[in-house]
Amino acid sequence: MTESRLVTTWRIPEERRGAMGMRAEWQRVISALEELGLPRHPTMNELTTAYEHHTGRTLRMMERDIGPGEPSGECEQFLLEDRVYYPKGTSAAHQALVQCHELAHLLLGHTTRHTAISPDVIRRVLGRDHYDEPAEREAETFATLLFRELNLEPLEGVAERVAPALTHREGRHA
C-alpha cells in the first residue's frame, strides 16, 4: 500500500509532511490568516471578505437542509464563484465550524473547479462523508484550529452583553 501525498497551497517543508504536530498546524492557520491579510481572531465576515479579496473570487455561504446520510457541508468551485453549503436548523457555532471545514478545503486546494457538470451529480459522486481520507483529516484539523481563532459574533440578548467580557478574558476583543 503506497502512501498518497497531499498537495496543498500552503508551503509545508517536505520533511515535515505527515509529521506535523498540533502546534505546527496551529501556526499554519495563523500564517493562512496573515496571508489573507487578517489579524488574529477575525469574524466570519472578515474571513469571507479576505478570501474574496485574496482569490478574486466571490464566496457564497449558503444555508441548506441536510437529509439523513448527507454530509453536513460541502464546497464547490464554479467558473466565477465558490460556494460553501452549511446546515440549516443547527446552532450558529456548528454552522461556523462546518463553514470553516469547507473553507479549509478551498484554502488548501482540495477542490477542483467545474462548469459543465450538474452540482447534483457532483454531490452524488464526490460527496465527502468519510474522515479516513487525508484531505478530510487535513481539512478537519485546519478547520478546528481556524474555528478556535474566529471571533464569533454574539447574537443578541444576554450573549451580546456577556461575550465582550468573556472574549476579553481570553485575550480576544469583540
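Counting 0.36 nm for each residue step from E34 to E63 and taking away their Cα separation leaves a gain of 7.7 nm.
Given 0.36 nm per residue, what is the gain on full extension from E133 to K88 after removing their alpha carbon distance, in nm? All intermediate terms of the calculation are to be shown ahead of the outcome.
Details: separation 45, 0.36 × 45 = 16.20 nm, distance 2.57 nm.
Here the answer is 13.6 nm.
Listing E102, E81 from the residue with the fewest other Cβ atoms within 10 Å to the one with the most, what is the order? Don't skip to the end; give the middle numbers.
Numbers: E102 27, E81 12.
Least crowded to most crowded, the residues run E81, E102.
Between E81 and R148, what length in nm is gained on full extension when 0.36 nm per residue of separation is reduced by their alpha carbon distance?
21.5 nm
The numbers here are math on the coordinates, done by the rules we state, and not lab data. Here the structure is a predicted model, which means the values were calculated and not measured. No Cβ is skipped: glycine too gets one built from the backbone with ideal geometry, and neighbour counts run over all protein chains shown.
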